[in-house]
Amino acid sequence: MSAENFRVIGRGVARVDGVELVTGRAKFAGDLRFPGMLYAAARRAGIPAGKIRGIDGSAALALPGVRAVLTAGDIPGPNIIGILPPFDQPLLAAGEVRYEGESLALVVAESREAAKRAAAAIRVDIDSWEPILDVDEALADGCRKIHPDGNITFSKRLVKGDVEKGFSEAEVVVENTYYTSFQEHAYLEPETVVAVPGGDGRVTVYASCQSPFHIRGHIAANLDLPASRVKVIQAYTGGSFGGKDDVAAEIGCLAAVAALRVQAAVMIVHDRGESIFGSNLRHAARIHYRTGSRKDGTILAREARIYLDGGAYASESPFVTMKALIHAGGPYHVPNVRVECTAVYTNKTYCGAFRGFGVPQVTFASESQIDELAAELNMDPLELRRKNALRAGEANATGQVFDRSVGLVQTIDRVAERRDQLPPAAAEGSSANGGRWLYGRGCACLLQGISNGAEGIDVAGASVQASQDGSVLVGVGLTDMGQGSRTVFAQIAAEVLGVTMDRVTVRQVDTDSVHDSGPTVASRSTTVGGMAVYKAAREVRSSLVKMASLMLKCDEERVLLQDNFAVLAPRADNPEARIPLQEVATAAYWTGFPLMNLAFSRAPDARFDHETHQGKIYIAYNFGTHLMDVRIDRLTGAVEVLRHLAAHDLGKAINPLGVEGQVEGGALMGFGMAHLERIEHEGGCIQNANFADYAVPSIKDRLPTETIIVEDPNPTGPYGAKGVGEPPVAGTAAAFANAVAAATGIRFTRLPIRREDLLAALQGRDRGPAEETG
Amino acid sequence: MLLEFELNGRQTRVEAEPTQRTLDLLRDVLGLTGTKEGCGRGECGACTILLDGKPVNSCLLYAAKLQGRRVTTIEGLAAADSAADSASGRGAEGNPPALHPLQEAFLSEGAVQCGFCTPGMILSAKSLLDQNPDPDVREIEEALSGNLCRCTGYGKIVKAVQKAAAAAQAAAAQAAAAQTAELGPGRRAASEKSGNGAAVRSTKAKSAGNAKSDRRQRGASR
């Protein structure tokens, strides 16, 4: 498929759903209205740990406009959700409170305000317990168990080669401990669902969500209904970044239970506070690292011990544990690697999926190590990375070998080339303006596995349907949360079927209409979902080509579909040798050729040893190199990013405009993690659950990101593509930390490195003691 | 209470609760759900509307304050401008609306991802361009600093505003040139004045009451 001269693939195209978004016509879940619709709100625990003695909803029920108050006993099914069995998170808690956002009861009322008022009026009797607030406390002997099996959520090891031997041969060893903070997704649209009872024994749930099939399964289980009675439709979703998975299942179940109970549509909309303390965060991490090399810079061994604070429930912690583990070795050829990663329960807001999925944390630590090693070796940091960079044919940390699409060296070289074209900002570590400005340059390399990989089977379904007018309807089981996958799917269908983009419609995900495609995660939409669209479109194409060959009286091989015509090759410019696709499609319909196909894409299975994590895990990796120049004001600690180069090998850029959007947006999210964003806890409760106190980057914080696209084609993706949604977060955060270290001469081991941290360090003051995982 | 105000170019009479938020009046009573609620505390800008041409957070504005004022929501943007351009026949009923240059630019520059911040962002940008047709980057940053976006990283939003500004200026220059050619040299001065009508109109606009504060101020205390 790569030999073709593409007409749509590789072109920067505007979003296919853009007009409804810029005109305000797009209907997000909160914009939906149904006759007699009611609103529900949860009564939250408000304290991080305790034994529930009683919940009394009578006062709430007596308030005007209140229709029902539900507690745990009102859930028909098992009252539990989660990602991996045995699930551990109740919809409405009855026994214990494990975090401040625990929902104890749900009020259904005629307005949002009435529901909120009534929720506050519910009387709860809780014996408060001393919360377990950090990893060491949770793991200490005799600590109270947050869940019956103890406080370890998940713990795994990766072993490659012999690290003892590797370190014994090393001539230089660097060692350090790094910390990262919790991070909030902060999508602009708070979590929202509407459940509508059908007259046919079914229930339909419209959700702002990421994984509609996951939600469907949980709703069916908790309603004690067959899954076929539940339909989940993804509404326009105002950002997700990993965040609207567990929580969408939670409120989707609650709304569905309430809707069937009161036989009316029920909407649940989180307020911003709930969106922060009542749904998952990025794991805080403590990472101890050791890296050993020869004097020439050849890395011989790496060792890491990672603790993730996962909060009250498992959520995606098991998979984040594995992903952190697998990526901790870095994008390098290292013969000896040992990593241990443990996720731990604490009485704080639970942690789960967040763009990057454990990789940003370990990349920050790993890339800090590489810079520290470069300093010890007195080597150029980018050269040290290039020397050890993973190349095609070499085994990565899991022993997996790719013989193609390992474009790391190309990203390093493209960054170096671009750097050399640009005028120097200032010499690294130099100061100017009478010593007020400190200049520094940091770089970082990264890899990010594409596809579910170790998390299980990776399949996606898509339907492609041509109408008699030649227009095309595409359905895919993976969601567009803003990242632009609908546009990419439209491009693939348009390319295969030879139609222009305006003739293609990609509908919203509806669990009735396509195969369960798993969660929309792991940068897999373009790669795995795109492949399903490609396959379905190829089948429809074969009907159109067959019909056209009959009409043009030629062999099928000579028929081209392009620009809404079937064309007799090679006379593409001859208007007499082409037929409008509309006529071909109409003829195909009346001839009885199938114009719809439901295809199924299945990535090669992961095969690996679960004790050592050696084996084939991901179908591809995105590789990247970032370079950042910063200027720090010695008097105020203010940081200005002067330059940011972000090179990623993404196989093939199907929509370069969309790629830039993913890189720029992911970069600013990584910058937020590295410099601005920090969840502040006190006694287990989040103190800054709002946008005034939690510093989401504003337009004034934006980066001068320059996206560099490297295309080393991936044989497992459509047109050679592989995903790019997550990787920019890790690269930016790590490059920032290294740039700050270069500018100040101080190695900061804790993210975020905020302005006040910089100022304090520059003034030689001791920085505060460890908090979140220390 | 009965409210009367101009909404997207039309006189509107609507019954409202005295303590109702403008955001809820627009979304729940008037069916204009293009205005979004992101935080309910005036911190994210998703609910931005224009009140007499100035951006305000409709989540912080009592509906009662709309009495006698001029309100523009995202739904009125394409329509309002195509009404002004009625001579050119844009925005006819039943057809997709002729997009405002800002809407066009947000699309073509890739300044939209999830789209939830987009209505508020575009309205803040419109207010800026109405007052300052040729803003520099700092002025764009200042004007949009009350509108959060979590998807795009903002770079493409800045480019979109610059592109829309350039397009509007080019269109205005072209219109002025055409008019001048039609009218003859004697009336050139008068037509140049009217070509800048939008800017004149919005500088007269009254202060909005809850004019949005610069998020950077609280940023300094982070």
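The values are calculated or read from the model by the stated rules, or taken from the named source; none is laboratory data. Note that this is a predicted model, so its numbers are computed, not measured. Cβ: placed from backbone, ideal geometry, glycine included. Neighbour counts: every protein chain shown.
Any residue that is more than 14 Å from chain B (Cβ to nearest Cβ) and either at pLDDT 90 or above or farther than 28 Å from A:Leu560 by Cβ (or both) - is there at least one of those in the range A:482-489?
Yes, that holds for at least one residue.
Do any helices (runs of 4 or more DSSP H) entirely within the range B:101-194 hold 2 or more residues that are modelled with pLDDT under 95, and if so, which?
Numbers: elements: B:101-108, B:118-131, B:137-144, B:155-183.
Counting at least 2 such residues, we get B:155-183.
Return a yes/no flag: does the range A:76-93 have any residue that is closer than 23 Å to A:Ala255 by Cβ, at pLDDT 95 or above and of a type in the set (S, T, N, Q).
Among the residues of the range A:76-93, at least one is closer than 23 Å to A:Ala255 by Cβ, at pLDDT 95 or above and of a type in the set (S, T, N, Q), which makes the answer yes.
For the range B:107-124, how many residues meet the condition of being more than 7 Å from chain A (Cβ to nearest Cβ) and either in contact with a strand residue (DSSP E or B) (Cβ under 9 Å, 6 or more places away or on another chain) or in contact (Cβ under 8 Å) with a residue 60 or more places away in the chain (or both)? If you could, list the steps in order and put the result at the bottom.
Taking the range B:107-124 and keeping what is more than 7 Å from chain A (Cβ to nearest Cβ), we get B:109, B:111, B:120-121, B:123-124.
Next cut, either in contact with a strand residue (DSSP E or B) (Cβ under 9 Å, 6 or more places away or on another chain) or in contact (Cβ under 8 Å) with a residue 60 or more places away in the chain (or both) only: B:120-121, B:123-124.
Going through the range B:107-124 one residue at a time, the tally reaches 4.
Scan the range A:89-139 for residues that are without any contact (Cβ under 8 Å) to a residue 24 or more places away in the chain and more than 32 Å from the chain's Cα centre (by Cα) and jot them down.
Correct list: A:Glu113 only.
So A:Gly637 clears everything in (1) within 14 Å of chain B (Cβ to nearest Cβ); (2) on the phi < 0 side of the Ramachandran plot; (3) surrounded by fewer than 24 Cβ atoms within 10 Å (Cβ to Cβ) except one condition, right? Which one?
Every condition holds for A:Gly637 apart from (2).
Results for (1) under 23 Å from A:Leu254 (Cβ atoms); (2) crowded, with 24+ Cβ neighbours inside 10 Å; (3) charged (D, E, K, R); (4) in contact with a helix residue (DSSP H, G or I) (Cβ under 7 Å, 6 or more places away or on another chain), shown as yes or no for each residue.
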position	(1), (2), (3), (4)
A:Glu171	no, no, yes, no
A:Val196	yes, no, no, yes
A:Gly199	yes, no, no, no
A:Cys209	yes, yes, no, yes
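Name, by its number, the condition in (1) within 30 Å of A:Lys535 (Cα to Cα); (2) outside the structural domain of A:Ala537 (by TED's automatic domain parsing); (3) more than 28 Å from the chain's Cα centre (by Cα); (4) buried (at least 23 other Cβ atoms within 10 Å of the Cβ) that does not hold for A:Ala466.
Failed condition: (2).
How many residues does the range A:656-705 hold that are more than 30 Å from A:Arg419 (Cα to Cα), more than 7 Å from chain B (Cβ to nearest Cβ) and not small (Gly, Ala, Ser)? Steps first, please.
Narrowing the range A:656-705 to residues more than 30 Å from A:Arg419 (Cα to Cα): A:678-695.
Now restrict to residues that are more than 7 Å from chain B (Cβ to nearest Cβ): A:678-689, A:693-694.
Checking which are not small (Gly, Ala, Ser) leaves us with A:678-682, A:685-688, A:693-694.
Selection size over the range A:656-705: 11.
Scan the range A:223-245 for residues that are away from every other protein chain (no Cβ under 14 Å), in contact with a strand residue (DSSP E or B) (Cβ under 8 Å, 6 or more places away or on another chain) and surrounded by 24 or more Cβ atoms within 10 Å (Cβ to Cβ) and report the count. Don't jump to the end; show me each part of the working.
Just the residues of the range A:223-245 that are away from every other protein chain (no Cβ under 14 Å), to begin with: A:223-233, A:245.
Right, trim to in contact with a strand residue (DSSP E or B) (Cβ under 8 Å, 6 or more places away or on another chain) and you get A:223, A:225, A:229-233.
Subsequent filtering for residues that are surrounded by 24 or more Cβ atoms within 10 Å (Cβ to Cβ) retains A:230, A:232.
Here the count works out to 2.
Those residues that are polar (S, T, N, Q) and closer than 30 Å to A:Gly50 by Cα, I need them from the range A:145-178; list them, please. It would help to see each step written out before you state the result.
As a first pass, look at the range A:145-178 and keep what is polar (S, T, N, Q): A:151, A:153, A:155, A:168, A:176-177.
Of everything in the range A:145-178, those that are polar (S, T, N, Q) and closer than 30 Å to A:Gly50 by Cα turn out to be A:Asn151, A:Thr153, A:Ser155.
If I go through the range A:179-193 residue by residue, how many of them are out of contact with any helix residue (DSSP H, G or I) (no Cβ under 6 Å at 6 or more places or on another chain) and on the phi < 0 side of the Ramachandran plot?
Initial filter on the range A:179-193 (out of contact with any helix residue (DSSP H, G or I) (no Cβ under 6 Å at 6 or more places or on another chain)): A:179, A:181-182, A:185-189.
Now restrict to residues that are on the phi < 0 side of the Ramachandran plot: A:179, A:181-182, A:185, A:187-189.
The number of residues fulfilling the criteria is 7.
Would you be able to say whether some residue in the range A:581-593 is among the aromatic types (Phe, Trp, Tyr) and in a strand (DSSP E or B)? Reasoning before the result, please.
Keep residues of the range A:581-593 that are among the aromatic types (Phe, Trp, Tyr), which gives A:589-590, A:593.
Add one more test, that the residue is in a strand (DSSP E or B), and what stays is none.
Looking through the range A:581-593, none of the residues is among the aromatic types (Phe, Trp, Tyr) and in a strand (DSSP E or B).
Does A:Arg441 qualify as being basic (Lys, Arg) and crowded, with 24+ Cβ neighbours inside 10 Å?
Details: basic (Lys, Arg): yes; crowded, with 24+ Cβ neighbours inside 10 Å: yes.
Against the criterion (basic (Lys, Arg) and crowded, with 24+ Cβ neighbours inside 10 Å), A:Arg441 qualifies.
Considering the range A:9-45 alone, what residues qualify as being buried (at least 24 other Cβ atoms within 10 Å of the Cβ), more than 25 Å from the chain's Cα centre (by Cα) and touching a residue at least 24 places away in the same chain (Cβ under 8 Å)?
Correct list: A:Leu38, A:Tyr39, A:Ala40, A:Ala41, A:Ala42, A:Arg43.
Please verify whether A:Ile708 is away from every other protein chain (no Cβ under 13 Å), more than 26 Å from A:Phe182 (Cβ to Cβ) and in a strand (DSSP E or B), treating the condition exactly as stated.
Spelling it out, A:Ile708 is indeed away from every other protein chain (no Cβ under 13 Å), more than 26 Å from A:Phe182 (Cβ to Cβ) and in a strand (DSSP E or B).
Go through the residues of the range A:54-71 one by one and say whether even a single one is under 32 Å from the mean Cα position of the chain (by Cα), surrounded by fewer than 23 Cβ atoms within 10 Å (Cβ to Cβ) and at pLDDT 95 or above.
no
Which of the residues that make up the range A:271-300 are buried (at least 21 other Cβ atoms within 10 Å of the Cβ), within 30 Å of the chain's Cα centre (by Cα) and not in a helix (DSSP H, G or I)?
A:Gly278, A:Ser279, A:Asn280, A:Leu281, A:Arg282, A:His283, A:Ala284, A:Ala285, A:Arg286, A:Ile287, A:Tyr289, A:Thr291
Could you tell me whether A:Arg678 is modelled with pLDDT of 95 or more, assigned by TED's automatic domain parsing to the domain that holds A:Lys700, basic (Lys, Arg) and buried (at least 24 other Cβ atoms within 10 Å of the Cβ)?
yes
Out of A:Phe87, A:Phe28, I need the residue that is under 25 Å from A:Pro519 (Cα atoms) and within 14 Å of chain B (Cβ to nearest Cβ). Which one? It would help to see each step written out before you state the result.
On the way: A:Phe87 fails: within 14 Å of chain B (Cβ to nearest Cβ).
After applying the criteria, what remains is A:Phe28.
Answer yes or no as to whether A:Ala730 is of a type outside the set (S, T, N, Q), more than 10 Å from chain B (Cβ to nearest Cβ) and part of a helix (DSSP H, G or I). Before you say what the answer is, go through the steps one by one.
Details: of a type outside the set (S, T, N, Q): yes; more than 10 Å from chain B (Cβ to nearest Cβ): yes; part of a helix (DSSP H, G or I): yes.
Judged against the criteria, A:Ala730 is a match.
Do you know which residues across the range A:521-540 are on the phi < 0 side of the Ramachandran plot and not in a helix (DSSP H, G or I)?
Of everything in the range A:521-540, those that are on the phi < 0 side of the Ramachandran plot and not in a helix (DSSP H, G or I) turn out to be A:Val521, A:Arg524.
I'd like the residue in the range B:99-143 that is of a type in the set (Asp, Glu) and touching a helix residue (DSSP H, G or I) at 6+ places or on another chain (Cβ under 8 Å) and, out of all such residues, is surrounded by the most Cβ atoms within 10 Å (Cβ to Cβ).
Checked the range B:99-143; the qualifying residue surrounded by the most Cβ atoms within 10 Å (Cβ to Cβ) is B:Glu109.
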